[in-house]
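Trainee: This is the structure, below, for whatever I ask next.
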Amino acid sequence: MNIFRLAGDMTHLASVLVLLLKIHTIKSCAGVSLKTQELYAIVFTTRYLDIFTDFISLYNTFMKLIFLGSSYSIVWYIRRHKIVRRSYDKNQDTFRHVFLILPCIVLALLINEKLTFKEVLWAFSLYLEAVAILPQLVLLQRTKNIDNLTGQYVFLLGVYRALYIVNWIYRYFTETHFVHWITWISGLVQTLLYADFFYYYFQSWKTNQKLQLPA
Amino acid sequence: DKDKHSHDEL
């Protein structure tokens, strides 16, 4: 494993911890999209089914369990926790899952590394992860005041994606036969979705003003 | 090397 991949995983972990900590300590999920969190729970469930069939490393299995556990806990908090769920504004978080999930199923059936159950699910999880942030970005755009933690959560997720791209470039040059078009293209699309957010995030940071996305 | 498996990333 190279340093970019490790740094990417750590930023991913940090993003999830920031979000869980925010929800757990201030007992509020204001500004957090339940739709995005549910999509991530689906992404991790479909991608990490291989913990039952393949063993890669202890690190790998451990991280998979963390991402599965944290995504389900966040969904549980927003849906079931008696205080947290009151802060969830479902009238703002209106993105429909089905418009993202259905096209990803079709795409995964058409474009995959092998037409097997596991490979189709793998491809599906990559396509869905690429677009899963959309409900969150739409919600941020609608929210007048984005709190620091929600902003940091999205920022860390974007950094994690960018580091994964550097990791793929590194692996392409250092490993033989490391060519994964499906992973690369969906990963690139995913990272590009953060470009706009990054622009405004740095603007607000430079001018020391509260982050606000234009409608 | 197990790390060269195509699905070794998270």
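Trainee: So if I place +1 on the C-beta of Lys and Arg and -1 on the C-beta of Asp and Glu, and nothing else carries charge, what would the dipole magnitude of chain A be about its Cα centre? I want it in debye, nearest 20.
Mentor: For chain A, the charge dipole is close to 860 debye.
Trainee: Cα gyration tensor of the stretch A:6-85, axes a ≥ b ≥ c as square roots of the eigenvalues: rounded (a/c below 1.5), prolate (a/b > b/c) or oblate?
Mentor: Since a/c reaches 1.5 and a/b is larger than b/c, the shape of the stretch A:6-85 is classed as prolate.
Trainee: Tell me the net charge near A:ALA132. Cut-off is 15 Å between Cβ atoms, A:ALA132 excluded, with +1 for each Lys or Arg and -1 for each Asp or Glu.
Mentor: +1
Trainee: If you don't mind, there's one more thing I want to ask. For a quick check: sort A:TYR59, A:TYR40, A:TYR88 by the number of other beta carbons within 10 angstrom, fewest at the front.
Mentor: Lowest count first: A:TYR59, A:TYR88, A:TYR40.
Trainee: Multiply the residue separation of A:PHE52 and A:PHE202 by 0.36 nm, subtract the distance between their alpha-carbon atoms, and state the gained length in nm to one decimal.
Mentor: In short, 49.8 nm is gained.
Trainee: For A:MET1, put the label point 7 Å out on the Cα→Cβ axis and report which residues of the stretch A:46-86 keep their amide N under 19 Å from it.
Mentor: A:47-71
Trainee: Using all C-alpha to C-alpha distances in the stretch A:126-215, build P(r) with 10 Å bins and read off the rounded percent in each one.
Mentor: It works out to 16, 43, 26, 12, 3, in whole percents.
Trainee: Take chain A, connect every pair of alpha-carbon atoms lying under 10 Å apart with a spring to form a Gaussian network, then pick out the residue of A:ASN60, A:ASN112, A:ASN167 with the largest mean-square fluctuation.
Mentor: The residue with the greatest mean-square fluctuation here is A:ASN60.
Trainee: If you plug each phi of the stretch A:179-191 into the Karplus form 6.51 cos²θ - 1.76 cosθ + 1.60 with θ = phi - 60°, what whole-Hz ³J(HN,Hα) values come out, in order, with x for Gly and Pro?
Mentor: Here the 3J(HN,Hα) series is 10, 9, 4, 4, 4, 5, 5, 5, x, 5, 4, 4, 5 Hz.
Trainee: How long are the semi-axes of the ellipsoid equivalent to chain A, from square roots of 5 times the Cα gyration tensor eigenvalues, in whole Å, largest first?
Mentor: Sorted largest first and rounded, they come to 28, 20, 17 Å.
Trainee: Sticking with this structure for a sec: Going by a ≥ b ≥ c, the root eigenvalues of the Cα gyration tensor, does the stretch A:53-106 fall in the rounded group (a/c under 1.5), the prolate group (a/b larger than b/c) or the oblate group?
Mentor: Since a/c reaches 1.5 but b/c is at least a/b, the shape of the stretch A:53-106 is classed as oblate.
Trainee: Any chance you could check the Cα centroid distance between the stretch A:1-31 and the stretch A:195-215 for me, in angstrom?
Mentor: A separation of 20 Å, based on Cα centres.
Trainee: Taking each residue in A:53-60, count the Cβ atoms of any other chain within 10 Å of its Cβ, then average. What number comes out?
Mentor: Mean partner-chain Cβ count within 10 Å for A:53-60: 3.
Trainee: While we're looking at this one, here's another question. Within the stretch A:143-172, name every residue whose backbone N is under 20 Å away from a label modeled 7 Å from Cα of A:ALA215 along the Cβ vector.
Mentor: In the stretch A:143-172, the label zone of A:ALA215 (backbone N under 20 Å from the point 7 Å along Cα→Cβ) covers A:143-147.
Trainee: May I ask which residue of A:LEU163, A:ALA215, A:LEU193 lies farthest towards the positive end of the charge dipole of the protein assembly as shown, with charges of +1 (Lys, Arg) and -1 (Asp, Glu) on Cβ and the Cα centre as origin?
Mentor: A:ALA215
Bear in mind that the values in this text are calculations on the coordinates, not laboratory data. Keep in mind the model is a prediction, meaning the values are calculated, not measured. So basically every Cβ, Gly included, is an ideal-geometry build from the backbone, and we count neighbours across all protein chains shown.
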